[in-house]
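Some notes on the structure that comes next.
The values are calculated or read from the model by the stated rules, or taken from the named source; none is laboratory data. Everything quoted here is computed from the prediction, not taken from an experiment. Reconstructed Cβ throughout: ideal geometry from the backbone, glycine too, with neighbour counts over all protein chains shown. Please note that ligands, DNA and RNA were not included when accessible areas were found on the heavy atoms of the full protein model with its side chains. Shrake-Rupley method; radii C 1.70, N 1.55, O 1.52, S 1.80 Å.
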Amino acid sequence: MNKLASRRAFLKGKVLRNDQNSIRPPGADAAEFLELCTQCDECREACPEDIIKFDTQGFPVVQLDAGPCTFCGDCANACPTGALNPEHIADWPWRAKVAASCLSMNGVSCRVCQDICDHRAIRFQLQTGGRAEPVLDTDICTGCGACASACPAGSVSFEHHTPPTQEVTL
């Protein structure tokens, strides 16, 4: 029976909602994840980076501020239910976003996120008044979280990124 819409769960007040802001482990299909996940804890135990935790409903989430994801696939390979599919790891939809609390945007010299980004997705553009604004290239950013875990101000978060689709004309 579908855990998302069962009448019994609804009457008990246990309706599961797929939170679009929850960063599920690599390989999760947003449409099927909550239905397939049994909360078995195998993905968390398999994660060598120890960045998989649990949300308030008991489902696994990735906390990128705790450390970067290497996209090794260990969590997806450990999943016995198919809620995490190793073939979908490359489809990771999360990209970094820098908040206004960024030290550099507030006149404090800091470039930690740029220095730690192996893909060079973050660079800084000088502004007037001694400030520098981070510029993020979402086409290069992998959403690994290295910048978030290194940021001393906690100014890096992640947002669901959908690449633009090209219109096909015949």
- Among the candidates 96, 83, 90, which residue alone is more than 27 Å from residue 137 (Cα to Cα) and aliphatic (A, V, I, L, M)? 83
- Out of (1) over 19 Å from residue 31 (Cα atoms); (2) touching a helix residue (DSSP H, G or I) at 6+ places or on another chain (Cβ under 6 Å); (3) open to solvent by 20 Å² or more (accessible area, probe 1.4 Å), the one residue 86 does not meet is (1)
- Of those in the range 22-48 that are open to solvent by less than 80 Å² (accessible area, probe 1.4 Å) and not in a loop (DSSP other than H, G, I, E, B), the residue nearest to residue 159 (Cα to Cα) is 28
- Message: Return the residues of the range 101-132 that are modelled with pLDDT under 95 and of a type in the set (Ser, Thr, Tyr); say none if nothing qualifies.
- Response: 104, 109, 128
- Query: Can you tell me how many residues in the range 133-170 are under 12 Å from residue 104 (Cα atoms), open to solvent by less than 70 Å² (accessible area, probe 1.4 Å) and at pLDDT 95 or above?
  - Reply: 5
- Keeping to the range 94-124, report how many residues are open to solvent by 50 Å² or more (accessible area, probe 1.4 Å), within 26 Å of residue 26 (Cβ to Cβ) and outside any loop (DSSP other than H, G, I, E, B). 6
- Flagged in the range 49-67 as part of a loop (DSSP other than H, G, I, E, B) and open to solvent by less than 80 Å² (accessible area, probe 1.4 Å), in numbering order, are 49, 51, 55, 57, 58, 59, 63, 67
